[in-house]
Amino acid sequence: MMAQNDSGKQVARAVDAGAGVGRITKLVLLKRYDSVRLVEADPHWSTRSRVYLGRKRSARCTFTCARLEDLSEDDVAGWDGPVDLIWLQWTLQYLTDADAIKTLQTLARGLVLGTGRLVVKENRPYGKARSDRFQMETPACS
């Protein structure tokens with residue numbers, strides 16, 4: 001069940017967890033959801049996302065500067081009620097196993113019961129990578 005505004009109209013809401021500059025919010029989430037909460041640990045990226053999204057799109061967003069592994073159930077509960085979708089991309093690889101599990105459990109509690117969805121997108125080994133080890137793509141430094 002989607003959230004409703006004061007007039008009873010259904011409002012679809014999403015969270016972009018580990019949002020960075022907000023590419024997923026701009027190119028995917030705001031095309032499908034009425035509002036998006038961007039959660040980003042780095043204050044620089046949180047600020048840059050407002051510029052990247054622009055004034056009109058940013059008006060439909062809420063910005064939270066927080067580390068995902070530090071979020072509590074109270075933090076998630078304070079997000080104006082449950083959300084329809086949480087998008088988590090390229091973040092779990094930077095957490096310990098225990099923090100990744102805690103983060104997923106905490107975020108899941110913020111979803112609409114029964115219909116909410118948690119999307120997880122991470123890197124995977126490719127090419128001649130060993131299948132018994134995690135491979136992380138790292139940019140060349142110059």
Every residue in segment 107-139 that is open to solvent by 50 Å² or more (accessible area, probe 1.4 Å), in a loop (DSSP other than H, G, I, E, B) and at pLDDT 90 or above, please.
Arg109, Leu113, Gly114, Thr115
Within segment 80-91, how many residues turn out to be under 19 Å from Gly22 (Cβ atoms) and crowded, with 17+ Cβ neighbours inside 10 Å?
8
Among residues of segment 1-25 being surrounded by fewer than 20 Cβ atoms within 10 Å (Cβ to Cβ) and of a type in the set (Lys, Arg), the residue modelled with the lowest pLDDT is Lys9
Among the residues of segment 50-72, write down those that are open to solvent by less than 30 Å² (accessible area, probe 1.4 Å) and within 13 Å of the chain's Cα centre (by Cα).
Cys61, Thr64, Ala66, Leu68, Glu69, Leu71
Quick one: what pairs do we get from segment 66-83, first residue in contact (Cβ under 8 Å) with a residue 40 or more places away in the chain, second crowded, with 18+ Cβ neighbours inside 10 Å and hydroxyl-bearing (Ser, Thr, Tyr), C-beta under 7 Å, 6+ apart or different chains?
Leu68/Thr91; Leu68/Thr103
Filter result for Leu104 (open to solvent by less than 30 Å² (accessible area, probe 1.4 Å) and either at pLDDT 75 or above or under 20 Å from Leu29 (Cα atoms) (or both))
no
Which one is modelled with the lowest pLDDT among residues in segment 52-89 that are more than 18 Å from Val28 (Cβ to Cβ) and touching a strand residue (DSSP E or B) at 6+ places or on another chain (Cβ under 7 Å)?
Trp79
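The values are calculated or read from the model by the stated rules, or taken from the named source; none is laboratory data. What you see is a predicted model, and the numbers here were worked out from it, not measured in a lab. Here the Cβ is made from the backbone with ideal geometry for all residues, glycine too, and neighbour counts use every protein chain on show. Remember, those area values only see protein heavy atoms, side chains included, never the ligands or the DNA or RNA. Shrake-Rupley method; radii C 1.70, N 1.55, O 1.52, S 1.80 Å.
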